[in-house]
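The values are calculated or read from the model by the stated rules, or taken from the named source; none is laboratory data. On a predicted model such as this, the values are computed, not experimentally measured, just so you know. When we count neighbours, we look across all protein chains shown, and the Cβ atoms used for this are built from the backbone with ideal geometry, even at glycine. For accessibility, only protein heavy atoms count, side chains too; no ligands or nucleic acids. Shrake-Rupley method; radii C 1.70, N 1.55, O 1.52, S 1.80 Å.
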Amino acid sequence: ITFCCLVCASNPKACCTPKQWQATVIQDGSSISQKKGLGVSLLTGKISVYYDSVNKRVRVDEENSLNPVNITTIHDLGKNISYYIYGTNCTISVLKGKFTDFCIPKNSSYNGNRTLGGSLLVDAWGLHYQDSSKFARIDVTRNKCMPVTETFFQSSVKTSSAVYATNVFSDVQTTIKSAKIFDKPIVCTNTIKSSMQMMDIDLRTMLWGWGLDNGRPSQRHFMKLHSSQMPDVSHNEHYIKYMQKLQKNTDDKDNFNLRDMEALRKILKNFL
C-alpha cells in the first residue's frame with residue numbers, strides 16, 4: 001500500500017505554461033490518401049511563436065514546404081483586433097472572444113516521464129478526444145511546464161486518409177524580447193478593418209490545427225483574405241464553375257490543397 005501511494009504521489013498534475021514566452025517551433029509531418037491512388041504529402045516548416053496571456057495576445061509567423069508564401073497571424077484580444085497576413089496581403093478584423101491559457105487539459109492522461117539530453121526532465125501527457133480518430137500527445141518540462149514536443153495523428157475512414165505531425169519547441173525563452181512584435185505590421189498600414197470575428201484564442205489548438213491541416217490555410221481564411229481586396233466576383237461564371245468543382249471534389253471543406261489554392265488565386269488575380 002505504501003508503494004502504491006508513493007507512485008501515485010509522484011505523478012505531476014496537469015499544468016500551465018508561464019504567462020509569457022516565445023519559441024521557434026520546428027514542424028515535420030506527412031499526410032497519406034488512398035482515395036484516388038496512393039498520395040503522400042510531406043511537411044517541413046518553422047513557426048515563430050509569441051505567447052502573452054497577461055495581455056491576451058499571440059503572434060504566429062509560419063513558413064512551410066507546402067505553402068508558397070509565409071503566413072503571419074496576430075490575435076490581440078486586449079485591443080480587440082486581429083491581423084492575418086498571407087504573403088503581402090493583409091486582412092484586419094475586429095476580434096471578440098475568450099483567451100485560453102496554454103495548459104494541459106485536466107482530463108489528460110499522464111504517460112510517464114523521461115530525461116532528454118541527460119538532464120532535462122519532461123512529463124508526457126496524452127489528450128483525449130470524443131472522436132477516436134484523433135490522437136495527441138504533448139511533452140512538457142517538469143520545471144515551469146514549458147512545451148518540448150507535440151505529436152498529432154488523425155485518420156479518416158471516409159476519405160481513406162491519415163495525417164501525422166510533430167512540433168519540436170526550440171530556443172524557448174520565458175519572456176518576450178519586444179512587445180512591438182504585436183504592433184500593427186507595416187504591410188497592414190493602408191488596410192481597413194473588413195469584418196468582425198467571434199473567435200476564442202487558444203494557441204495550443206492553433207498549433208495542432210495547423211499540424212493536422214498540413215500547414216495549409218483553410219478555404220474560409222483564404223477567401224476572407226481576398227474578399228476584402230477585390231470586387232464582388234460571386235456572379236462571375238469562371239468563379240462559380242470553379243467553386244462548384246472544388247466543393248464537389250472536396251470531402252473536407254477545410255482541407256484546401258495547394259493545387260486548389262493556386263488555381264483559385266489565378267482566378268481572383270484577374271479582379272484585383
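Every residue, every condition in (1) in contact with a Lys or Arg (Cβ under 9 Å, 6 or more places away or on another chain); (2) of a type in the set (Lys, Arg); (3) under 21 Å from GLN20 (Cβ atoms), yes or no:
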| residue | (1), (2), (3) |
| --- | --- |
| GLY118 | no, no, no |
| LEU121 | yes, no, no |
| ALA136 | no, no, no |
| THR141 | no, no, yes |
| PHE153 | yes, no, no |
| SER161 | yes, no, no |
| THR174 | yes, no, yes |
| THR189 | no, no, no |
*asked:* Can you say whether ILE81 is in contact with a Pro (Cβ under 7 Å, 6 or more places away or on another chain), crowded, with 18+ Cβ neighbours inside 10 Å and hydrophobic (A, V, I, L, M, F, W, C), as far as the supplied structure shows?
replied: no
So SER160, is it on the phi > 0 side of the Ramachandran plot and touching a residue at least 40 places away in the same chain (Cβ under 8 Å): yes
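Conditions (1) touching a Cys at 6+ places or on another chain (Cβ under 7 Å); (2) open to solvent by 20 Å² or more (accessible area, probe 1.4 Å); (3) farther than 23 Å from GLN173 by Cβ, marked per residue:
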{"residue": "ASN89", "(1), (2), (3)": "no, yes, yes"}
{"residue": "GLY97", "(1), (2), (3)": "no, yes, yes"}
{"residue": "TYR110", "(1), (2), (3)": "no, yes, yes"}
{"residue": "LEU121", "(1), (2), (3)": "no, yes, no"}
{"residue": "TRP125", "(1), (2), (3)": "no, no, no"}
{"residue": "ILE138", "(1), (2), (3)": "no, no, no"}
